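**Student:** What follows is a structure written as structure tokens; I'll ask about it next.
The values are calculated or read from the model by the stated rules, or taken from the named source; none is laboratory data. The structure displayed is predicted, hence computed values, not measured ones. As a convention, Cβ positions derive from the backbone with ideal geometry for all residues, glycine included, and neighbour counts pool all protein chains shown. Each accessible area value is taken on the protein alone, full model and side chains, heavy atoms only, with ligands, DNA and RNA left out. Shrake-Rupley method; radii C 1.70, N 1.55, O 1.52, S 1.80 Å.
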Amino acid sequence: MEKRDLSKTVKLGVFFLGIFMLFFGVSFAFINLTIFGSKQQVVNAGNLDLVLDEDENNLYIENALPMYDEVGMIQEAFTFRITNKTSMDTAYVLKLEEITVGQPLAREDVKYGLTKNKETTIDFVSNIVDNVIDEGIILGNETIEYELRLWIRDTLEDETLIQGKSMMFKMSLRMSQTEEMAYRETLLNGCDPILSENLVPVTIQDDGTVQKANIYDEWYNYEDKLWANAVVLLDKTRSYSEYEIIPEENIESYFVWIPRFKYQIFNDTVYTGVTTLENRVQEIKVEFENKNTQISNGTKKNEWLTHPAFTSFDTSGFWVGKYESGYKGATMELEAEVNSSDSTKLQIKPDVYSWRNITVGNAFKVSYDYLREDESHMMKNTEWGAVAYLQHSKYGSMASVRNNNYSSHKTGYASVTEPTLGYSGGTSIPGNLYGTTSDITQLYNTSIGYLASTTKNITGIYDMSGGSWEYVMGYNIDASTLGGASGIDGIYPDFFTNDIWKKYYDVYSNTIVDGSKYQTGLLGDATREVGPFVKVTDPDKYLRIRNSWYSAYSYFVNPIHPWFERGGDYQSGITSGIFSFGEHTGENVYISFRLVLTP
């Protein structure tokens with residue numbers, strides 16, 4: 001095809017002489033807006049503004065004749081931007097919709113180039129699905145810049161196909177503001193789930209079937225104890241449509257959203273040892289707030305405190321691994337007992353072997369390296385506390401979380417019977433002291449399995465009672481040996497001296513080798529607040545310390561055992577639980593770990 005002399009050009013504006021027309025408009029009702037003259041048009045769509053910049057040079061088409069993409073993309077662009085006027089992250093859809101006027105150009109003859117924040121997409125207008133030219137999440141107070149160009153495809157050989165023809169568009173902007181979402185926004189006060197490119201929002205049916213969520217529908221509702229879930233795909237190049245089933249074999253990890261909240265302090269007593277056991281279980285009052293809300297700094301009972309798990313990362317929430325971390329490829333328990341820092345072996349899924357016998361140092365590195373762009377890290381002690389407090393608020397089950405009694409340490413299981421006192425494998429079976437492969441247990445997607453969730457339904461977090469003990473990043477700075485046996489200072493030599501690491505672990509100070517010195521427990525970490533504490537002789541004749549929340553096991557960090565472990569073991573019976581905590585050296589033993597993302 002002979003290329004045209006580009007010096008013979010005709011400028012074509014936002015609407016022009018019968019060749020190509022472009023109209024812009026925006027609102028929930030898609031109001032048409034025609035641009036005239038040198039001015040700026042601002043049209044509102046709920047909390048969003050679409051700002052259309054207009055001057056004497058708008059959108060150019062060179063003679064409305066075919067041109068290469070490279071030439072099309074050096075035309076003067078039509079520029080516009082979307083601005084979020086609020087502090088709340090908002091989903092949006094931007095459409096380029098054709099209006100039929102006169103004799104239209106064929107869509108397959110027209111190409112477009114859309115540049116969004118300096119990143120460009122070039123395609124045929126005919127390939128725009130449902131007229132959606134862009135969609136996503138615009139952060140609170142964010143502005144997204146766009147440039148739009150249109151031209152005729154360079155492979156068109158018959159110019160009569162475009163002579164005397166025109167095309168008219170309107171641009172529309174829509175917020176994901178259905179009545180349900182407006183209700184949820186009010187409920188969560190702007191701390192709705194933050195999705196990154198790695199996280200696919202999903203809904204999970206009661207039988208465990210996973211579907212990609214339509215974020216413009218109600219895909220979570222904390223008032224109904226339905227927590228938001230997302231998955232990380234094994235094949236990240238595979239895309240799914242809304243409501244499409246995502247097969248389990250393409251899911252690498254599951255995560256659950258914990259919205260930022262403040263809570264009403266329910267116990268301000270400072271415990272220095274054991275006294276008597278009481279039943280102190282109660283509803284924990286929680287109010288959601290986003291990161292732009294003024295922080296509450298309560299210190300006394302009945303005062304409000306913004307939970308410290310959210311302030312260290314200055315986030316409106318975080319994603320928690322839905323299950324204990326698993327070891328990819330393990331087909332038996334022993335194969336998942338690996339002291340390695342290889343983050344490619346990490347998976348967070350039900351019915352897989354828990355990754356155990358790993359040092360705190362390696363567990364931290366695995367977590368830190370997993371999704372660095374989403375600020376992945378090993379769960380902190382206060383982050384465990386945040387989950388526990390949400391679980392025992394009106395937004396969670398407000399009940400004892402059923403323990404995972406699967407003796408081979410598989411994730412996502414639940415004991416069929418209520419655990420008995422002491423070490424009984426999580427069931428009432430006589431003689432089942434340490435659990436067996438024939439434990440009476442059920443998987444996460446059953447009526448019994450739901451009881452092991454923080455919500456008593458499939459949307460919650462599992463394995464926070466029983467399963468494996470889990471190391472968390474809570475460290476006693478008075479450790480007899482720096483880092484204990486964690487090895488973390490060998491991996492990161494400046495871990496305890498460089499301030500860049502401080503947000504990744506909670507600091508405690510205890511110089512006495514005694515697991516009952518709770519006075520340095522932090523508000524919000526579910527340690528000293530769950531007192532008072534008492535020593536009890538269990539059926540296996542061991543003397544153990546329990547707390548006043550479901551009689552859970554309670555040993556505080558000390559110089560010899562400077563690292564916190566949480567949740568209890570499969571065989572811990574009633575002493576396991578979301579309010580259970582213990583202490584250890586940080587070495588590679590029977591303990592697992594859990595991930596958090598703060599994208």
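**Student:** Please give the per residue accessible area of the range 452-509, computed with a probe of 1.4 Å over protein heavy atoms only, in Å². List each step's numbers first, then the result.
**Tutor:** Details: 1890 Å² over 58 residues.
Ligands and nucleic acids excluded, the figure is 33 Å² per residue.
**Student:** Moving to a separate point now. Using alpha-carbon pairs under 8 Å, 6+ residues apart, how would you state the relative contact order of the range 475-519 in percent?
**Tutor:** Values: 24 pairs, mean separation 23.4, N = 45.
Contact order relative to length: 52 percent.
**Student:** Please tell me which of these pairs span more than 26 angstrom C-alpha to C-alpha: K300/K456; K85/K118; K291/K394; K225/K535?
**Tutor:** Values: K300/K456 31 Å; K85/K118 22 Å; K291/K394 22 Å; K225/K535 35 Å.
Too far apart for the 26 Å limit: K300/K456; K225/K535.
**Student:** Find the eigenvalues of the gyration tensor of the Cα atoms of the range 272-378, then list the square roots of 5 times those eigenvalues as equivalent ellipsoid semi-axes, largest first, in whole angstrom. Walk me through the intermediate numbers first.
**Tutor:** Working: eigenvalues 231, 89, 34 Å².
Over the Cα atoms of the range 272-378, the ellipsoid semi-axes are 34, 21, 13 Å.
**Student:** Round to a whole angstrom and tell me the spacing of the C-alpha centers of the range 464-529 and the range 277-303.
**Tutor:** The range 464-529 and the range 277-303 have Cα centres spaced 23 Å from each other.
**Student:** What is the range 464-599's relative contact order, in percent, from Cα pairs under 8 angstrom and six or more apart in sequence? It would help to have the intermediate numbers written out before the result.
**Tutor:** Values: 294 pairs, mean separation 50.3, N = 136.
Across the range 464-599, relative contact order equals 37 percent.
**Student:** With a probe of 1.4 Å, find how much accessible area the range 221-338 has per residue, and write the answer as a whole number in Å². Before the final figure, lay out the partial values.
**Tutor:** Numbers: 5290 Å² over 118 residues.
Normalised by residue count, the accessible surface of the range 221-338 is 45 Å².
**Student:** At T120 and T155, where each label point lies 7 Å from the Cα along Cα→Cβ, what is the point-to-point distance in nanometres?
**Tutor:** The two pseudo-label positions are separated by 2.0 nm.
**Student:** For the range 532-585 and the range 202-244, write down the distance between their C-alpha centroids in whole Å.
**Tutor:** Computed from Cα coordinates, the inter-centre distance equals 35 Å.
**Student:** Would you mind computing the Rg to Rh ratio of the range 543-599 from its alpha-carbon coordinates, Kirkwood style for Rh? Numbers along the way, then the final one.
**Tutor:** Numbers: Rg = 12.3 Å, Rh = 12.2 Å.
Rounded to two decimals, Rg/Rh equals 1.00.
**Student:** Which order do peptides 407-414, 77-84 fall in by mean Cβ count within 10 Å, highest first?
**Tutor:** Numbers: 407-414: 25.1, 77-84: 19.8.
Sorting 407-414, 77-84 by mean packing, highest first, produces 407-414, 77-84.
**Student:** In addition: Starting with the highest mean, order 153-162, 336-345 by the number of other Cβ atoms within 10 Å, averaged over the residues of each peptide.
**Tutor:** Working: 153-162: 13.3, 336-345: 17.3.
The densest-packed peptide leads the list: 336-345, 153-162.
**Student:** Still on this model: Report the full-extension gain for the segment E197 to D489: residue separation times 0.36 nm, less the Cα-Cα distance, to one decimal in nm. Walk me through the numbers before you get to the answer.
**Tutor:** Values: separation 292, 0.36 × 292 = 105.12 nm, distance 3.20 nm.
Result for the pair: 101.9 nm of gain on full extension.
**Student:** If each of E135 and I512 carries a label point 7 Å out from its Cα toward its Cβ, how far apart are those two points in nm?
**Tutor:** So the label points at E135 and I512 sit 6.0 nm apart.
**Student:** Per 0.36 nm of contour for each residue apart, how much would the distance between K85 and Q282 grow if the chain were fully extended, relative to their Cα-Cα spacing? Write out the running numbers ahead of the final one.
**Tutor:** Numbers: separation 197, 0.36 × 197 = 70.92 nm, distance 3.95 nm.
Fully extending the segment from K85 to Q282 adds 67.0 nm.
**Student:** Can you work out the accessible area per residue across the range 549-594, with the rest of the protein chains kept in place, probe 1.4 Å, in square angstrom?
**Tutor:** Values: 830 Å² over 46 residues.
On a per-residue basis, 18 Å².
**Student:** Going by average Cβ density within 10 Å per residue, which order do the peptides 127-134, 503-510 take, highest to lowest? Spell out each step's value before the answer.
**Tutor:** Values: 127-134: 13.9, 503-510: 19.2.
Ranked by mean Cβ neighbours within 10 Å, highest first: 503-510, 127-134.
**Student:** Could you quote the convex hull projected area for the range 176-295, Cα atoms only and averaged over all directions, in nm²? Let's see the in-between values first.
**Tutor:** Working: hull surface 44.8 nm².
Mean projected area for the range 176-295: 11.2 nm², to one decimal.
**Student:** Using the reciprocal of the averaged 1/r over all distinct C-alpha pairs, how large is the Kirkwood radius of the range 453-545 in Å? Display every interim value, and only then the final one.
**Tutor:** Details: mean 1/r = 0.0613 Å⁻¹.
When all Cα pairs of the range 453-545 are included, the Kirkwood radius is 16.3 Å.
**Student:** So between Y243 and D478, what do we pick up on full extension, going 0.36 nm a residue minus the alpha carbon distance? Write out the running numbers ahead of the final one.
**Tutor:** Values: separation 235, 0.36 × 235 = 84.60 nm, distance 5.18 nm.
Taking Y243 through D478 to full extension adds about 79.4 nm, to one decimal.
**Student:** What distance in nm separates the simple spin-label points at M332 and D369, each placed 7 Å from Cα in the Cβ direction?
**Tutor:** Placing both labels 7 Å along Cα→Cβ, they lie 2.7 nm apart.
**Student:** Decide, for the range 446-501, between rounded, prolate and oblate: order the square roots of the alpha carbon gyration tensor eigenvalues as a ≥ b ≥ c, take rounded if a/c falls under 1.5, and otherwise choose prolate if a/b is larger than b/c, else oblate. Please list the in-between numbers first.
**Tutor:** On the way: a/c = 4.03, a/b = 2.94, b/c = 1.37.
Prolate, because a/c is 1.5 or more and a/b exceeds b/c.
**Student:** For the range 450-575, which whole percent of the accessible surface, found with a 1.4 angstrom probe, sits on carbon and sulfur atoms?
**Tutor:** Numbers: 2160 of 3920 Å².
Ligands and nucleic acids excluded, carbon and sulfur reach 55 percent.
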